[in-house]
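To keep things clear, I will list the structure first and then write my remarks on it.
Where a number appears in this text, it was derived from the coordinates with a stated rule and is not lab data. These numbers were taken from a predicted model, which means no experiment stands behind them. We place every Cβ from the backbone using ideal geometry, glycine too, and count neighbours over all the protein chains shown.
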Amino acid sequence: MPFDQALRFTSIWLAATSFIGLTLGAGLPEWLTVLTGAALIVALLRNAGRKSVERLAGSMPISTIGWNLLVMLGFLGFWVDMLWVSGDLLPAGIHFLMILMIIKLFTLKLRRDYVHLYAISLVAILASGSLTTELWYLPIFLLYLFAGVWTLLLFQLTKHSEGTQILTMPVVVPPQPSESVDQVTPQLFWLANGLALATFGLTVVIFFTIPRISAGFYQKGFGENIRTSGFSETVNLGEIGPIKRDPSVVMRVELPDGAPHEVGRFYVRGVAFDQYDGKTWTNRLNYRRNISEDAIGTFVLRRSRLPAPPALGETIRQNILLEPLDTPVLFAAPFAEQVSGTFPSLQSDLIGSVYLPFPSSSRIEYSVRSRSNPVLSTDLDSEPILYPESFIRHFLQIPAQSDRIATLAADVTHTQRTTYEKANAILSFLTHNFRYSLDAPLTGQDQPLEEFLFTRKTGYCEHYATAMVMMLRAIGVPARLVTGFLATEWNEYGNYYVVRQQDAHAWVEVHLPHSGWITMDPTPSSIESVGGGFPAWHALGRMMDTLRLQWGRFFVQYSAADQLTVVRELKAGSTSARNKALDSMSTLFSPLLAMLSGVTEYASKWTMRAWAEVLGLALLSLVVLLWLVIKQPWGQGIISKKTTHNEQFIVQLYGQMTTQLARKGISRRTTMPPLEFVRFTQERWSDAGSAVAFITALYCRARFGQIPPTREELSLAEGHLRNLTTLSKS
């Protein structure tokens, strides 16, 4: 590929990469995405020499003045967009940037036009990098880096005059061999890619050694937090249902101690409520106090008495990566005892919920130590007790309603004696006699709970939990409603749960006289399937999600304090830096190792159709790879390794020939093409014309036509060279 054409290609590649990054990161309007994509496709087709596209582009009745007028109109549109459409400077600026890219792709002729396109692409890739923290940005950045290195090299190698039009359709002319190389060779290909890899390595070193400054215009972004429901101080019955159809990831809960005993039902507690008025739950114990801080970044909610009594449940350690939400609630397994993270302060209410001072606008990571309350044997035989007035006011409150719920609760529990037995009876009644469905239209009912219990007998978690709390309170058992998430998606490669919006859940906390608050869930398991399909694809999805988690931990959440620690370790020259690096690498690539170790397990479950799909995909990939190796210039360089010796030999013979001619007084200037040198020699020394013409023809064919000479041709060339040395110049 000639340098000029390669420069056009890499420039369009550079613009396309930044456009893809900006489209994924900023979510461009559909019309602007289609228009920019079409402009890039047209530019690529023109570069490929498609005559129809070139004629169409040449027939466009837009002059230079017309394009300038379009730029001015785009600038006016920027102000309209910022003031009335988008209402923000950043999205309006990005839209205007894409308009400039479209115009520049159609007017790409002079070298200064290329410089303008490079500037637009640079701003676009910077904007996309500041608007996202997702893993997909890494391959986009690598593609942009490789395109940038190639573009800079080719821009220096093609020194056209300012008036040269580069993006016109290439004119096919007969090849004229020349000593100067003006095409992309295998050597240049590997050199450019090597420089790109070295640049990326240098970028990684700078990233981990020089502190970053998280400030500036682009760091602001213009995205919104994930909208959640059920985690404010007031929640309407039926409010959680709509968000249970949203698969957006809310958090990832990593369990350093490994999988729990019951994989698939992991409760992540959010907020508890004590008051119900028949339609709405309210938290009247919402007074928030600051949590004491034991050490820097470590907040203690509930201290365990030492020595710890055997009544306490097992400790659950969690590392939680929480997405930006529109609530200040911090989530954890019940019941949180200690929270560690880079927080200025934490707060908690009187029901054990944990809060940030304000909702976070970015992804945060924190660690929690929780401990549940097991059911003690003393509560299996004890009778209900009398509770103090304040306890009754909050956890035995019942709204004004008919006696049907109290009668139902008494009928269900009339054969049970203890509090725990009564609670289990109500739980079993709700689980086995009602149907779970998200399509229960109970929100607009005057008495939604009675409608659920006595008429429809269909609902989702909020209805089940509310019904159980009201039935328990009707028979004198303290209970409260809790909202949070029920995690079911376990990732075995990273030992963590993926928690989504659709995992939003409500359950019940029942108070037992000796055990305290225990978790009970009357909602039956949903019959909705998680999704079938080829298990290997699901495994690949979990592996990629693990990589995203490690990406967020090692790159997105990598702070200046972490960088300072790395610099100190390197200055100290201790082995701890190497050990930490090895630990980080092993953690980062742990999903890959885990996947490899699980290949046998998954492969044993594959059917013949699954094996055929995998083998067919592998065969197709191999064919495409071989085609690329054969067709591309670097592939041609690899395949021609067998004939390198013959090519080098004819080059040596050509050099010896020019040396012999120089001794005879016929010197070849550096700028003189080989064929012109043949004519020059024939004019000065006609007897040597045939020998020089034969050797030069073989040299040009091997050097520029990639056709190596045969052994017989090399033997004839050697004979001509010997004759040339014996000839005398008259």
Report summary line: When 266, 452 are ranked with the fewest other C-beta atoms within 10 Å first, the list becomes 266, 452
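Write down the Kirkwood hydrodynamic radius of the range 67-149, to one decimal in angstroms, obtained as one divided by the mean of 1/r over all alpha carbon pairs.
On the way: mean 1/r = 0.0712 Å⁻¹.
In the range 67-149 this quantity evaluates to 14.1 Å.
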Query - Mean Cβ count within 10 Å, highest first, over the residues of peptides 379-392, 247-260 - result: 247-260, 379-392
Report summary line: Burial-style ranking of 141-150, 313-322, 652-661, average other-beta-carbon count within 10 Å with highest first, yields 141-150, 313-322, 652-661
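Convex hull over the alpha-carbon atoms of the range 639-726: what's its volume per residue in Å³? Kindly include the intermediate steps, with their values, before the conclusion.
On the way: hull volume 7.5 nm³, N = 88.
Cα convex hull per residue, to the nearest whole number: 85 Å³.
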Report summary line: In Å, the Kirkwood hydrodynamic radius from C-alpha pairs for the range 356-477 sits at 17.0
Report task. Compute the FRET efficiency between residue 126 and residue 195 as 1/(1 + (r/R0)^6), taking r as their Cβ-Cβ distance and R0 = 30 Å, and round to the nearest 0.05. Result -> 0.90
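Calculated FRET efficiency, residue 437 and residue 284, Cβ-Cβ r, R0 30 Å, to nearest 0.05?
Values: r = 31 Å, r/R0 = 1.04.
So, using R0 = 30 Å, E works out to roughly 0.45.
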Query raised in the report: Relative to the present Cα-Cα distance, how much length would full extension add between residue 725 and residue 383 at 0.36 nm per residue of separation?
Result: 111.1 nm
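Can you give the FRET efficiency for residue 79 and residue 294, using 1/(1 + (r/R0)^6), R0 = 45 Å, r = Cβ-Cβ distance, to the nearest 0.05?
Working: r = 54 Å, r/R0 = 1.20.
Efficiency computed from Cβ-Cβ geometry: 0.25.
Please give the contour-minus-distance gain from residue 72 to residue 417: 0.36 nm per residue of separation, less the Cα-Cα distance, rounded to one decimal in nm.
115.9 nm
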